[in-house]
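Report on the structure given below.
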Amino acid sequence: MAPFEASLDYARKADQADALHHFKAQFHFPHHNGKEVIYFCGNSLGLQPKSAHAAIETELKTWREQAVGGYFNGANPWLYYQDYCKPALAKIMGASNEEITVMNALTVNMHLMMLSFYKPTPTRYKIMLEAGAFPSDQYAVETQAKHHGFNPDDAIIEIFPRAGEKTLRTEDILQAIEEHKDSLALTIFGGINYYTGQFFDIPTITKAAQAAGAIAGWDLAHVAGNIPLQLHDWQVDFAIWCSYKYLNAGPGAVGGVFVHNKHAQQTDVNRMAGWWGNDEKTRFKMEKGFYAKPDASGWNISTAQVFNTVCLKASLELFDQADILALRAKSIQLTNYLEFLLQQLPNLQFEIITPADPAQRGAQLSLYFPNNGKAIHQKMIESGIIVDYREPGVIRVAPAPLYCSFEDVYIFYEILKTNF
Ligand SMILES: Cc1ncc(COP(=O)(O)O)c(C=O)c1O
């Protein structure tokens, strides 16, 4: 598609050539001064699919008309509700259906996975993650270390960028793994760091962590629905993510979990169990003794949260239609176009801290404003552009390819050019 042009005509032609452009009409956009906003905040909360309303109404109807019968009858029997999301998520994550489950929420699932896979010993107890990881992840590893009687200052290894750099080099992560190979129990990086937008080399880091004798888990909050993965082939031990960002499942929607078959099939892996993870053959016998399902859903604990999962189910139908590989191909073009246009704005003093290499980023570009980021963010909001601000100094701009267009990116640029 390149060379790009900074013109509305070019952007409109790019939209006409885009086979995914029609998906935009499947989403509700907020309004500002009577016009649809430019929504570049799907990395925080994805837009509502128009199909969500009918999907919720379907389950309300089942509840209204069949009450408890809804577990076995109705349009989508609730007993198996989590299963409906597995095939689409398996495609997005590069996994088998058996390696996927949906339950709880991200940080809860991170704790549950660590309770199964963080098995510290007096000599091998360290947890490694990127410095500046999302606070919830930092709190989770801090309290897990404490839970096992370790001092977080000693047990947690944070990898920092080199002096004068904003993102991490894979070679430095690998070197740190090598340095700590005798004491490392777990690596748990954010697949994409929420602040910088850097996408880490998941297969290389996973391989190195495992070669050092550690378990490799990933927080894929900013990757799920953004970049297609191959978690099974990459031998990732476990991964967790939320569904309210690129997956458009609504605020606080059910979280997602991947457990590699090599672990999921081992029903004796220790876990915090509940009846929804028990083999269905014996679940309703109401007897003593937990028999884990021999797959990722063996980590389910409570009854399927139907109303927390219904919008994910609806949204995943759109992902299936669009295809994650096609979305990624569009996303690379869209974000590259955004980068190109931002480079034409000499009056705005900022630095794009997200890696320039498209293979090392998803939809998001993080713009670092050394002085007035917060004020500029406020002005963008007042101009009908929805982006978010993260301290210190970063405005995150994420055109999600399912509902953002080249014209949106161009108009964003034009507003910045005229107002800043
Ligand atoms: C990278 C990352 N990890 C964890 C979380 C926390 O997720 P939850 O509140 O669903 O537990 C978020 C939320 O935005 C996140 O971006």
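What follows draws every value from the coordinates through simple rules; no lab data is involved. What you are looking at is a predicted structure, and each value in this text was computed from that prediction instead of being measured. Here the Cβ positions follow ideal geometry from the backbone for every residue, glycine too, while neighbour counts run over all protein chains shown.
Data overview
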{"quantity": "Dipole-positive endmost among Ile100, Gly277, Ala133 within the chain (Cβ charges, Cα centre)", "calculated": "Gly277"}
{"quantity": "Residue among Ala214, Ala163, Ala322 with the largest mean-square fluctuation in a Gaussian network model of the chain, springs linking Cα atoms under 10 Å", "calculated": "Ala163"}
{"quantity": "DSSP bridge orientation in region 56-320 - percent antiparallel, rounded to nearest 5", "calculated": "40"}
{"quantity": "Given charges at beta-carbon only (K, R positive; D, E negative), |dipole| of region 56-320 in Debye", "calculated": "540"}
{"quantity": "Inter-centroid distance (Cα atoms) of region 191-245 relative to region 37-69, Å", "calculated": "28"}
{"quantity": "GluC sites (Glu not before Pro) within region 279-354, DSSP loop, no more than 13 other Cβ atoms inside 10 Å", "calculated": "Glu287"}
{"quantity": "Cα lying deepest toward the dipole's positive end in the chain, options Leu186, Val397, Asn261, charges on Cβ", "calculated": "Asn261"}
{"quantity": "Choice from Phe238, Phe350, Phe284 with maximal GNM fluctuation in the chain (Cα, 10 Å cutoff)", "calculated": "Phe284"}
{"quantity": "Reach of Lys166 by Cα under 15 Å, taken over aspartates and glutamates that are not fewer than 8 positions away in the same chain", "calculated": "Glu130, Glu158, Glu351, Asp357, Glu391"}
{"quantity": "Three-way shape call for region 357-420 based on the alpha-carbon gyration tensor, with the a/c threshold at 1.5", "calculated": "oblate"}
{"quantity": "Given Lys262/Lys293; Lys181/Lys207; Lys86/Lys285; Lys24/Lys330; Lys91/Lys313, the pairs whose alpha carbons are separated by over 18 Å", "calculated": "Lys86/Lys285"}
{"quantity": "Qualifying trypsin sites (Lys or Arg not before Pro) in region 117-208, DSSP loop, other Cβ atoms within 10 Å at most 14", "calculated": "Arg162, Arg169"}
{"quantity": "Those trypsin sites (Lys or Arg not before Pro) in region 1-107 that DSSP places in a loop and that have at most 14 other beta carbons within 10 Å", "calculated": "Lys50"}
{"quantity": "Global form of region 126-259, assessed from the alpha-carbon gyration tensor, a/c cut-off 1.5", "calculated": "rounded"}
{"quantity": "Prolate/oblate/rounded label for the chain (Cα gyration tensor, a/c 1.5)", "calculated": "oblate"}
